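Have a look at the structure below before the remarks.
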Amino acid sequence: MKATYLLRNRSRQASARKVFLLVGILLIGVIVFSILRGPIIRAVSPLWLAENVVSGSLGKIVMHFQSQKVLMEKNINLENQVISLEAHVALLERYENERVSLLELLRGKGSGTALAAGVLTHPPQSPYDVIVIDVGSNQAVHVGERVFLPEGALIGRVVEVLASESKVKLFSASGEETNAVLERGSFPVVLSGSGGGNFMVKVTRDTEVVKGDAILSPNVDSRLLAIVEEVNLKSTDSFKEVLARSPANIFTIRFVYVTP
Amino acid sequence: MTRRVISYGALFLLIIVAPYWLYLGALFVAVLIFPLYWEAIIFAILINTLYSANSGILAALTAPLLLVTLGMLILLLPIKSYLRTNA
């Protein structure tokens, strides 16, 4: 209903009070949550574990209702994939044994064992490329330790350690920059995280790089960091824009290894 | 009041189990629907505490999610007041 009488001047003090209230809530909330960070994550961890169990069970129930024909086709495709991957793994195991022997010669034996950790939460639950794992200072985890997939690819570093949980920032986190080496030609590059398991690299126009090339860590053990997906080059540019993706599907990670 | 309380439980559950685009969307819808939904700041701080890698008070105060939520709440104050007066 439109007002037909003269309105009283709106009280600016009421609006200013509300703004101060909101800013006050923000400041107090940030301080309280910073102090209670550990207990909050510890309290929520069982809920994350329960959610992982329930979503796994629900997936199996959904599969139960899929038609038999669809399941049979999936089964045949997966069996064929397994056969080809088994052959590939056998070849890779041979190279892995050689690599381990060479590293032991270079660094000496007993360089530390990896600690297995379950992933409590991962993207897209987290809006950042950060995963929470179920090991912490109680299991001798420290800030800065490297985190790998079981297959060997390097995915991130531990950035925060609590008693029984730790937060791992993935190299693909937005704004994160990581030194790396392009496998083809051993060119040093800087991997810039774009979020969602994606990277961007800028190389000179003359640098040879094609889709499928591996980008490795610069240290002695040369772990896989990313795989080139696309190379963009405009005729007027002096740099190539290389888009790469993480070797891990960060939306379905379940287990990782942590090493010093 | 009951709906507001129900929104607390629903948002908390979504933050724990749902993808980020779902709980952030729900949070901003709650900010639009409810008058002066200051609880959105608490939920934004909770999301930051659980999922962000940046620890520390200063990092939390400059977190984009918190600033956007606060900005949205402050921006909606005069808009909602205008809508109420001229409806």
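Among the residues of the range A:187-205, is there at least one that is farther than 13 Å from A:PRO247 by Cβ, touching a residue at least 60 places away in the same chain (Cβ under 8 Å), in a loop (DSSP other than H, G, I, E, B) and under 19 Å from the mean Cα position of the chain (by Cα)? So that I can check it myself, show each step before the final result.
As a first pass, look at the range A:187-205 and keep what is farther than 13 Å from A:PRO247 by Cβ: A:187-190, A:192-196, A:200-205.
Filter once more, keeping what is touching a residue at least 60 places away in the same chain (Cβ under 8 Å): A:193, A:195-196.
Then drop every residue that is not in a loop (DSSP other than H, G, I, E, B), which leaves A:196.
Now drop any that are not under 19 Å from the mean Cα position of the chain (by Cα), which leaves A:196.
For the range A:187-205, residues farther than 13 Å from A:PRO247 by Cβ, touching a residue at least 60 places away in the same chain (Cβ under 8 Å), in a loop (DSSP other than H, G, I, E, B) and under 19 Å from the mean Cα position of the chain (by Cα): present.
What are the residue pairs meeting all of these: first residue in the range A:41-56, first residue outside any helix (DSSP H, G or I), second residue open to solvent by less than 80 Å² (accessible area, probe 1.4 Å), Cβ atoms under 9 Å, and 6 or more apart or on different chains?
Nothing qualifies.
Given the residues B:LEU76, B:LEU66, B:LEU36, which is the only one that is farther than 29 Å from A:SER174 by Cα and at the interface with chain A (Cβ under 10 Å from one of its Cβ atoms)?
On the way: B:LEU76 fails: at the interface with chain A (Cβ under 10 Å from one of its Cβ atoms); B:LEU66 fails: farther than 29 Å from A:SER174 by Cα.
The unique qualifying residue is B:LEU36.
Show the residue pairs meeting these rules: Cβ distance below 7 Å; 6+ apart or different chains; first residue within the range A:243-260 and within 20 Å of A:ASP213 (Cβ to Cβ); second residue open to solvent by 80 Å² or more (accessible area, probe 1.4 Å) and in a strand (DSSP E or B).
A:LEU243/A:GLU230
Give the number of residues within the range A:141-158 that are among the small types (Gly, Ala, Ser) and more than 24 Å from B:LEU50 (Cβ to Cβ). If you could, list the steps in order and put the result at the bottom.
The initial filter retains those residues of the range A:141-158 that are among the small types (Gly, Ala, Ser), namely A:144, A:152-153, A:156.
Add one more test, that the residue is more than 24 Å from B:LEU50 (Cβ to Cβ), and what stays is A:152-153.
Residues in the range A:141-158 being among the small types (Gly, Ala, Ser) and more than 24 Å from B:LEU50 (Cβ to Cβ): 2 in total.
So for the range A:5-15 (the condition being under 16 Å from B:ALA44 (Cα atoms), at pLDDT 75 or above and in contact with a Leu (Cβ under 7 Å, 6 or more places away or on another chain)), does at least one residue qualify?
Residues of the range A:5-15 that are under 16 Å from B:ALA44 (Cα atoms), as a first pass: none.
Looking for residues that are under 16 Å from B:ALA44 (Cα atoms), at pLDDT 75 or above and in contact with a Leu (Cβ under 7 Å, 6 or more places away or on another chain), one finds none in the range A:5-15, hence no.
I'd like to check something: does the range B:7-23 contain any residue that is within 25 Å of B:PRO78 (Cα to Cα), within 13 Å of another protein chain (Cβ to nearest Cβ) and under 12 Å from the mean Cα position of the chain (by Cα)?
Within the range B:7-23, the subset within 25 Å of B:PRO78 (Cα to Cα) is B:7-8.
Narrowing further to those that are within 13 Å of another protein chain (Cβ to nearest Cβ): none.
No, the conditions are met nowhere in the range B:7-23.
Using the structure shown, decide if A:VAL209 is surrounded by 18 or more Cβ atoms within 10 Å (Cβ to Cβ) and of a type in the set (A, V, I, L, M).
Numbers: surrounded by 18 or more Cβ atoms within 10 Å (Cβ to Cβ): yes; of a type in the set (A, V, I, L, M): yes.
Judged against the criteria, A:VAL209 is a match.
Select, from A:THR259, A:THR204, the only residue that is touching a Leu at 6+ places or on another chain (Cβ under 8 Å), among the β-branched types (Val, Ile, Thr), surrounded by fewer than 19 Cβ atoms within 10 Å (Cβ to Cβ) and farther than 22 Å from A:ILE41 by Cβ.
Details: A:THR204 fails: touching a Leu at 6+ places or on another chain (Cβ under 8 Å).
Being touching a Leu at 6+ places or on another chain (Cβ under 8 Å), among the β-branched types (Val, Ile, Thr), surrounded by fewer than 19 Cβ atoms within 10 Å (Cβ to Cβ) and farther than 22 Å from A:ILE41 by Cβ holds for just one of A:THR259, A:THR204, which is A:THR259.
Which condition breaks for B:TYR82 when tested against (1) in a helix (DSSP H, G or I); (2) crowded, with 18+ Cβ neighbours inside 10 Å; (3) hydroxyl-bearing (Ser, Thr, Tyr); (4) more than 9 Å from every other protein chain (Cβ to nearest Cβ)?
Evaluating B:TYR82 over (1) in a helix (DSSP H, G or I); (2) crowded, with 18+ Cβ neighbours inside 10 Å; (3) hydroxyl-bearing (Ser, Thr, Tyr); (4) more than 9 Å from every other protein chain (Cβ to nearest Cβ) leaves (2) as the failure.
Say we look at the range B:29-79 and pick out the residues that are among the aliphatic types (A, V, I, L, M) and not in a helix (DSSP H, G or I); which of these is most open to solvent (accessible area, probe 1.4 Å)? Spell out how you get there, then give the answer.
First pass over the range B:29-79, keeping only residues among the aliphatic types (A, V, I, L, M): B:29-33, B:36, B:40-42, B:44-47, B:50, B:53, B:57-61, B:63, B:65-68, B:70, B:72-77, B:79.
Filter once more, so that each one left must be not in a helix (DSSP H, G or I): B:36, B:53, B:63.
Values: B:LEU36: 48, B:ALA53: 15, B:ALA63: 8 Å².
Here the answer is B:LEU36.
The values are calculated or read from the model by the stated rules, or taken from the named source; none is laboratory data. These numbers were taken from a predicted model, which means no experiment stands behind them. With ideal geometry, Cβ positions are generated from the backbone for all residues, glycine too; neighbour counts draw on all protein chains shown. For accessibility, only protein heavy atoms count, side chains too; no ligands or nucleic acids. Shrake-Rupley method; radii C 1.70, N 1.55, O 1.52, S 1.80 Å.
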